1. What number goes with the only condition from (1) open to solvent by less than 50 Å² (accessible area, probe 1.4 Å); (2) in contact with a helix residue (DSSP H, G or I) (Cβ under 8 Å, 6 or more places away or on another chain); (3) of a type in the set (A, V, I, L, M) that Leu188 does not pass?
2. Among the residues that make up region 413-423, is at least one of them over 23 Å from Thr501 (Cα atoms), in a loop (DSSP other than H, G, I, E, B), among the polar types (S, T, N, Q) and modelled with pLDDT under 80?
3. Suppose the filter is touching a residue at least 24 places away in the same chain (Cβ under 8 Å), buried (at least 16 other Cβ atoms within 10 Å of the Cβ), part of a loop (DSSP other than H, G, I, E, B) and in contact with a Cys (Cβ under 9 Å, 6 or more places away or on another chain); does Gly160 pass it?
4. Counting just the residues of region 335-359 that are among the polar types (S, T, N, Q) and crowded, with 17+ Cβ neighbours inside 10 Å, which one comes out nearest to Arg67 (Cα to Cα)?
5. Looking only at region 360-404, which residues are open to solvent by 30 Å² or more (accessible area, probe 1.4 Å) and among the hydroxyl-bearing types (Ser, Thr, Tyr)?
6. So, in region 284-312, how many residues would count as being out of contact with any Gly (no Cβ under 9 Å at 6 or more places or on another chain) and of a type in the set (Val, Ile, Thr)?
7. I'd like the residue in region 118-132 that is closer than 18 Å to Ala170 by Cα and within 30 Å of the chain's Cα centre (by Cα) and, out of all such residues, is surrounded by the fewest Cβ atoms within 10 Å (Cβ to Cβ).
8. Which one of these does Thr517 not meet: (1) under 21 Å from Ala337 (Cβ atoms); (2) surrounded by fewer than 16 Cβ atoms within 10 Å (Cβ to Cβ)?
Amino acid sequence: MITRSGRLRLSLALLTALALTGTALATAAPTPAPPTALAVEDDGADCPVTLPGSTPANPRLPDPFTRIDGSRVTTLADWRCRRAEIRELAERHVYGDKPAKPASVTGAVSRTSISVTATHQGRTASFSASVDAPSGAGPFPAVIVVGGFGADTAAIKAAGAAVISYDPLAVGREGTPRSNKQGAFYSLHGASSPTGLLAAWAWGASRIIDVIEQSGSATIRADGIGVTGCSRYGKSAFAVGAFDQRIALTMPIESGSAGAPAFRSIAGESGAQPLSSAYGEQPWLGDAFSAYTGNPNALPVDTHQVIGMIAPRGLLLLENPHVDWLAARSGSVAALAGAEVYKALGAADNISYWSDVQDGTHCASRSEWRGPIQENIREHLLKSGNAQQVFRISAKKAGNLAQWRDWQTPVLSGGGGEPTSTTTGVTTTTTGVTTTTTPPPGAGCTASASVNQWNGGFVATITVTANRAITGWTVGATLPQGATITNSWNTTRTGTSGPVTFTDAGFNGPLAAGRSTEFGYQATGTAPTAPLTCTAR
């Protein structure tokens, strides 16, 4: 058995953060106010976690809501220590250990730079980042742009945030053998450390935040930090957001293998960078990941759970479906599965995904993304907006979540969570589209739709609720002229236009009386407004 290693803790800060978190979760409404980033790097540092020596292989995505001991998460309060389990699994098998804050972190913040000096067990290492602040008086929220290569920096500044250009290669260099890693992180923790570059780069970003917190800076606000990066720096941005809960908004771009795309799905996605290649190209992943490059089904964790580590904080996943190497189909699989954690936590609006883009140039500044980037900055960093969840999945690289999961999303008690339907009819409104369904007598089930509409397409999420115990269900919908379904998940579909039927995918068919399940589909055109039908078996 492998026992969770101890981490340095600031008990007062931790208790304060937990109290704030408990308040936010306990009072969350079905469409909650955006959660504030926590005041601590890891709010589950006090959770006891004992990792198993081995786990059985699983060809499907592991259930994020089932603990290591086999019990399931049932309350919002349970998630804190379940997240700690996922973190330990991710460190042990994927990234390598990301150590806590060293004994000493010092530095300075100005309108042009941030300096960092860290000391650990008598060893000292330093690095710096540049700052580009908007005009006017601060302090400003800021987005850490890993490698200076991520979301459009002009769009970031125009939204009112500063840009922190962080060179991760000063913290962990590429082009080095795993036995002789170099950079500030490895100067402190040893050149032969099994920790990969992504965790080392995440550690460096956390130390930048430490300095911002300590400085009382008149330039940068510590409670309004985001992160972005593209390509290998998108992999880094994903890890930074997952491993530091002080990050309020995470925006990985085209992160590819070793980033957000699901490991299990990558193995079967034509043209995607193989896991062995992602592991061997650079020491991005931890040394332990070598055991899984040819057998991802043996992994006890996958990237949808790493997305769950970011929940309920802001997450905007941006992908490119035109370059097969980037594994966008597997990215959509991870995003759809990770969104289930957001739903369970009552924060569904805080995750968005966008791969429906015209320009296939890798890491281009795309006009389609400017609006979502700025809306998310305003909501999660400036606290002055209300960005709606958007899932725009390219038909070229659309994953099917039903293929990858055999678990259901719980409705967690203790506040928040997704609302469940009632047998007297449901009305759900999203972005101005409303569908109301009143079940006919004896129908056995109710179906209601929540729709996210944009110019030229929409995503519909359908909630099926059992009026009595049922073994399966079928939902009927009639799409308006010109609407065509391009993708669906958690269902078996018949038809793509006009009258369409959706049947349960097997695992989500049996429902006890009063219980609900969800499926969804993406389509071009305008969303239907005609009532849904639901029949049960």
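1. Against the list (1) open to solvent by less than 50 Å² (accessible area, probe 1.4 Å); (2) in contact with a helix residue (DSSP H, G or I) (Cβ under 8 Å, 6 or more places away or on another chain); (3) of a type in the set (A, V, I, L, M), Leu188 comes up short only on (2).
2. Within region 413-423, the subset over 23 Å from Thr501 (Cα atoms) is 413-419.
Pick out the ones that are also in a loop (DSSP other than H, G, I, E, B) and you get 414-419.
Right, trim to among the polar types (S, T, N, Q) and you get none.
No, the conditions are met nowhere in region 413-423.
3. On the way: touching a residue at least 24 places away in the same chain (Cβ under 8 Å): yes; buried (at least 16 other Cβ atoms within 10 Å of the Cβ): yes; part of a loop (DSSP other than H, G, I, E, B): yes; in contact with a Cys (Cβ under 9 Å, 6 or more places away or on another chain): no.
No; evaluated as a whole, the condition is false for this residue.
4. Going residue by residue through region 335-359, those that are among the polar types (S, T, N, Q) are 350, 352, 355, 358.
This time we only want the ones that are crowded, with 17+ Cβ neighbours inside 10 Å, so: 350, 352, 355.
On the way: Asn350: 24, Ser352: 26, Ser355: 32 Å.
Selected residue: Asn350.
5. Thr361, Ser365, Ser367, Ser384
6. Here the count works out to 1.
7. Filtering region 118-132 down to residues closer than 18 Å to Ala170 by Cα leaves 118-120, 123-131.
Add one more test, that the residue is within 30 Å of the chain's Cα centre (by Cα), and what stays is 118, 127-131.
Working: Ala118: 26, Phe127: 23, Ser128: 17, Ala129: 25, Ser130: 14, Val131: 20.
Out of the qualifying residues, it is Ser130.
8. With respect to (1) under 21 Å from Ala337 (Cβ atoms); (2) surrounded by fewer than 16 Cβ atoms within 10 Å (Cβ to Cβ), Thr517 is out only on (2).
The values are calculated or read from the model by the stated rules, or taken from the named source; none is laboratory data. Just so it is clear, the structure is predicted and the values come from calculations on it, not from any experiment. Cβ: placed from backbone, ideal geometry, glycine included. Neighbour counts: every protein chain shown. Note: areas computed on protein heavy atoms with side chains; ligands, DNA, RNA excluded. Shrake-Rupley method; radii C 1.70, N 1.55, O 1.52, S 1.80 Å.
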